[in-house]
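Derivation of every value follows stated rules applied to the coordinates shown; laboratory data play no part. These figures come from a predicted structure and were not determined experimentally. Neighbour counts are summed over all protein chains in view; Cβ atoms, including those assigned to glycine, are modelled from backbone coordinates with ideal geometry.
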Amino acid sequence: MIKTNGYAAMNIGATLKPYRFERRDPQSKDVSIDIRYCGVCHSDIHQVRDEWGGSIFPMVPGHEIVGVVTAIGDKVTRYKLGDRVGVGCFVESCRHCENCEKGMEQYCTTGVVLTYNGRYYDGTPTMGGYSHRIIVNEDYVLRIPENLPLEGAAPLLCAGITLYSPLKHWGAGPGKRVAIIGLGGLGHMGVKLAHAMGAEVTVLSQSLKKQSDGKRFGADHFLATSDPKTFADRKNYFDLIINTVSANLDLNAYLSLLRLDGSLVQVGAPEKPCAVAAFSLIMGRRSLAGSGIGSMGETQEMLNFCSQHGITADIELIKIEQINDAYERVLKSDVRYRFVIDMSSLPA
């Protein structure tokens with residue numbers, strides 16, 4: 001076993017603090033990664049606070065991991081020492097279920113192994129990227145294109161793919177009208193990606209205070225949902241709406257903005273169920289759907305797409321000792337637009 005330093009929550013809602021733990025010894029297909037940066041996702045906070053249930057403690061969060069390969073097993077063929085790589089939201093899947101065989105391992109019916117707050121199939125808890133190193137089977141490691149700065153690329157491994165996957169699946173592109181609800185860590189990536197895909201992009205935000213940023217990211221329109229005129233003026237307008245926020249919204253109001261056969265896709269995960277009236281769907285043959293992250297293949301495709309279009313996250317770089325303050329700021333929407341931890345700040 002390999003001793004590793006990290007930051008962990010020891011119980012529900014606890015302040016994160018230094019924690020020394022063990023990683024497994026590298027196996028023949030494993031890649032050992034020196035973690036350089038790790039993004040801070042709102043889901044880290046949800047899981048530290050057990051807001052989705054089933055949290056495992058001690059917990060080392062972090063699933064937006066980028067770094068450099070420092071060792072490889074004797075059967076590794078995809079990577080070599082010094083390669084720039086990333087690890088996203090999961091580190092293993094069963095490989096044999098229907099979804100895995102279709103290349104959609106994020107929806108593994110046996111149960112995908114999450115990068116943290118999960119368990120390997122032998123029952124061992126997983127520990128995430130708020131740490132010095134991680135050891136992952138090469139099939140669940142991603143290559144970071146050379147022209148993307150590592151710190152800006154880290155959030156692509158969750159925020160980026162969480163928006164890329166539904167945009168691609170529901171056909172965002174020229175001639176399509178796409179709305180992004182919320183301009184936060186997820187939403188700002190949605191605007192950048194949808195714009196690069198060629199769609200007409202609208203941001204639906206509570207106020208206009210982030211309008212200049214939204215336009216800078218590529219939004220064609222920026223509308224305040226606090227203004228009743230927004231819902232009146234945009235009825236039957238959008239082909240696709242992606243909801244990135246974790247708050248409970250009046251989904252019926254947003255469904256009314258969809259054209260015939262339009263789709264409202266949830267990627268934010270509210271704590272409580274949302275009520276939807278049947279006629280909000282029936283009148284317009286509208287769809288309400290959800291989307292999780294992306295497969296390994298799709299995530300690599302997204303990274304390559306971002307490389308081609310020069311897309312990274314807008315970040316605020318922090319030291320590991322600032323993580324608890326960063327959590328409080330995320331809850332206040334006081335970050336533009338993703339915190340990323342410089343893991344060199346973690347004591348050896």
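Points worth noting:
- Hull shadow area, averaged, the chain [alpha-carbon convex hull, nm²]: 16.8
- Projected label distance in nm at residue 110 and residue 216, using a 7 Å step from Cα toward the beta-carbon: 4.6
- Note on the chain: GNM, Cα springs under 10 Å; of 82, 67, 173, the largest mean-square fluctuation is that of 82.
- Cα-Cα separations in region 160-290 greater than 18 Å, expressed as whole percent: 47
- For region 245-313, the average shadow cast by the Cα convex hull is 6.3 nm², which is a quarter of the hull's surface.
- For q = 0.24, 0.25 Å⁻¹, Debye-computed log10 I/I(0) when each Cα of region 111-204 counts as one equal scatterer: -1.21, -1.25
- Taking the average, over residues, of other Cβ atoms within 10 Å as the packing measure, peptides 149-158, 254-263 rank 149-158, 254-263 from highest down.
- In the chain, Cα pairs under 8 Å separated by at least six residues give a relative contact order of 18 percent.
- Only one residue of 322, 202, 186 has its Cα farthest out toward the positive end of the dipole of the chain, where Lys and Arg carry +1 and Asp and Glu -1 on Cβ, and that residue is 202.
- Of 231, 279, 90, the one that fluctuates the most in a GNM where the chain has Cα springs shorter than 10 Å: 279
- Fluctuation leader among 266, 27, 47 - the chain, Gaussian network, Cα springs under 10 angstrom: 27
- Distance-filtered residues of region 208-248 - backbone nitrogen under 17 Å, label point 7 angstrom along residue 279 Cα→Cβ: 236
- The mean sequence distance of close C-alpha pairs (under 8 Å, at least 6 residues apart), as a share of the length of region 151-242, puts its relative contact order at 29 percent.
- Stretchable slack from residue 21 to residue 287, in nm (0.36 nm times residue separation minus alpha-carbon distance): 91.2 nm
- Taking amide H as placed 1.01 Å from N in the peptide plane, residue 92 has its amide H under 5 Å from the amide H of 113, each at least 5 places away in sequence or on another chain.
- Beta bridge orientation in the chain: antiparallel %, DSSP, nearest 5: 55
- Considering only region 88-240, percent of DSSP beta bridges that pair antiparallel, nearest 5: 25
- Point-charge dipole on Cβ atoms (K/R +1, D/E -1) for the chain, about Cα centre, debye to 20: 500
- Surrounding net charge for residue 256, when Lys and Arg each add one and Asp and Glu each subtract one, Cβ distance under 13 Å: +2
- The order of the peptides 302-310, 136-144, 192-200 by mean Cβ neighbours within 10 Å, most packed first, is 192-200, 136-144, 302-310.
- Length-normalised contact order of region 1-127 in % [C-alpha pairs under 8 Å, at least 6 apart]: 21
- Computed [θ] at 222 nm, deg cm²/dmol, the chain (DSSP H ≥ 4; -39,500 (n - 2.57); rounded to nearest 500): -6500 deg cm²/dmol
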